[in-house]
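What follows is one structure encoded as structure tokens, with my remarks underneath.
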Amino acid sequence: MTPSPAPLADVELFVPLDPQGTATPLVCLHASAGSAFSYLPLARLLGPDQPVWGVEAPGFDGSQEPVSSVPGLAARYTAALPEALPAGPVHLLGWSLGGLIAFDMARRMAEAGAEVGRVILVDASPPYVVPMPPESETVRRFLHEIAASLGLDVPAEIDALVAAAGEDVSAVFEELGRLRSWPPELDAELLSERYTVFRAHAEAAHSYGPSGPYRGPAWHLLAEKSPPQDGRWAQLLPDLTERQVPGDHHTVWQGDSLQQLAAHVRSALSGPARPETD
């Protein structure tokens with residue numbers, strides 16, 4: 001039986017970051033914020049022959065409902081992949097939540113008999129089913145992530161606003177406009193839209209329990225300043241190579257850390273499936 005074509009809206013979630021080149025394409029899966037464009041600086045460092053595509057989350061542009069399940073996201077992207085990039089196999093890369101999605105996609109593709117290139121996780125916490133934190137903590141994490149992505153040093157101000165507002169999310173977003181350093185274009189309405197997507201993805205991460213491993217070659221590029229992990233990824237990815245990158249969960253995308261991150265990605269994409277140990 002021939003699979004039904006993926007909805008056009010899902011195919012359009014694949015966005016070109018640097019589509020030129022003849023190498024096997026690299027597909028970068030969004031993190032919790034939902035945007036694919038956090039990978040654009042990396043795409044520019046991978047060489048002129050390396051095509052790079054990003055995947056934007058449903059709901060990020062307001063035209064679809066957000067998805068609160070890692071398997072739900074992975075199933076949609078896997079179904080759309082043959083139409084979005086029909087030429088052949090792809091590599092998969094994901095930062096944070098994107099690492100969970102990349103892992104789940106690789107499992108699905110392998111189980112379906114599709115060829116999978118390299119799977120690269122970037123500072124992705126291992127999957128466990130755990131309760132969602134209080135709403136105020138989810139809002140705090142959301143705002144910290146936005147601030148970090150913009151290079152804003154306002155964690156204390158954010159924490160104070162969240163503590164004062166409690167569970168009143170809209171009040172936090174309204175008060176942010178009073179911070180001189182906060183970009184005025186990130187107003188309460190836009191923050192509310194972005195938070196709806198972020199919260200759905202937080203639910204996805206907290207509820208994800210994989211049913212089995214992926215046995216193909218995989219890399220995990222860990223931020224040196226992130227909390228230590230417990231070896232769960234080594235169980236789920238038996239053919240795993242781990243490397244460290246200077247910085248924390250967000251600063252790995254900046255400066256020299258980004259340069260080192262890109263070097264590890266280039267090595268993973270061009271080197272042997274099972275690299276020699278250091």
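The values are calculated or read from the model by the stated rules, or taken from the named source; none is laboratory data. Computed from a predicted structure; not experimentally measured. FYI the Cβ positions are ideal-geometry reconstructions off the backbone, even for glycines, and counts take in every protein chain you see. Surface areas here come from the heavy atoms of the whole protein model, side chains and all, with no ligands, DNA or RNA. Shrake-Rupley method; radii C 1.70, N 1.55, O 1.52, S 1.80 Å.
Most tightly packed first, judged by the mean number of other beta-carbon atoms within 10 Å of their residues, the peptides 107-118, 239-250, 173-184 read 239-250, 107-118, 173-184. Hydrodynamic estimate: the Kirkwood radius of the range 5-116 over Cα pairs, inserted into Stokes-Einstein at 10 °C and 1.306 mPa s, corresponds to D of 115 µm²/s. The C-alpha atoms of the chain define a longest principal axis, and helix 188-206 lies at about 50 degrees to it.
Taking the Cα centre of each part, how many Å lie between the range 95-168 and the range 46-66? Measuring centre to centre over Cα atoms gives 16 Å. Listed values for the range 16-32 are Karplus-derived 3J(HN,Hα) couplings in whole Hz (6.51 cos²θ - 1.76 cosθ + 1.60, θ = phi - 60°), namely x, 9, 7, x, 7, x, 10, 6, 4, x, 9, 9, 9, 8, 4, 8, 4, and x replaces Gly and Pro. Taken about its Cα centre, the chain carries a charge dipole of about 840 debye when Lys and Arg each add +1 at the Cβ and Asp and Glu each add -1 at the Cβ. The phi torsions of the range 77-94, fed into the Karplus equation with coefficients 6.51, -1.76 and 1.60 and a -60° offset, translate into couplings of 5, 5, 5, 7, 4, x, 8, 6, 9, x, 6, x, x, 9, 8, 10, 9, x Hz, rounded to whole numbers, with Gly and Pro shown as x.
The chymotrypsin sites (Phe, Trp or Tyr not before Pro) of the range 55-143 meeting both criteria, a DSSP state outside H, G, I, E and B (loop) and at most 15 other C-beta atoms within 10 angstrom of the site's C-beta, are Tyr128. Considering only Ala218, Ser181, Ala75, and ranking their Cα positions along the charge dipole of the chain that arises from unit charges at the beta-carbon of Lys, Arg, Asp and Glu, the one farthest toward the positive end is Ala218. Amide H contacts for Val15 (H built 1.01 Å from N in the peptide plane; partners 5 or more residues away or on another chain; cut-off under 5 Å): Gly54, Val55, Glu56.
Taking the protein heavy atoms of the chain in the context of the full set of protein chains, the accessible area attributed to carbon and sulfur is 53 percent at 1.4 Å. Can you tell me the 0 to 90 degree angle between the C-alpha axis of helix 255-270 and the longest principal axis of the chain, rounded to 10? Approximately 30 degrees, to the nearest ten. Close amide H pairs (under 5 Å, H built 1.01 Å from N) link Val122 with Gly94, Trp95, Ser96, Gly99, Leu221, residues at least 5 positions away or on another chain. Sequence-ordered 3J(HN,Hα) estimates for the range 103-119 from the Karplus curve with 6.51, -1.76 and 1.60 and θ = phi - 60° stand at 4, 5, 4, 4, 4, 4, 5, 5, 5, 8, x, 7, 6, 10, x, 8, 10 Hz, glycine and proline given as x.
Charge tally around Asp10: other residues with Cβ under 14 Å, Lys/Arg +1 each, Asp/Glu -1 each, net -4.
Every helix of 4 or more DSSP H residues in the chain counts as -39500 (n - 2.57), and over all residues that averages to -12500 deg cm²/dmol at 222 nm.
Per residue, the range 27-163 exposes an accessible area of 38 Å² to a 1.4 Å probe, with every protein chain left in place.
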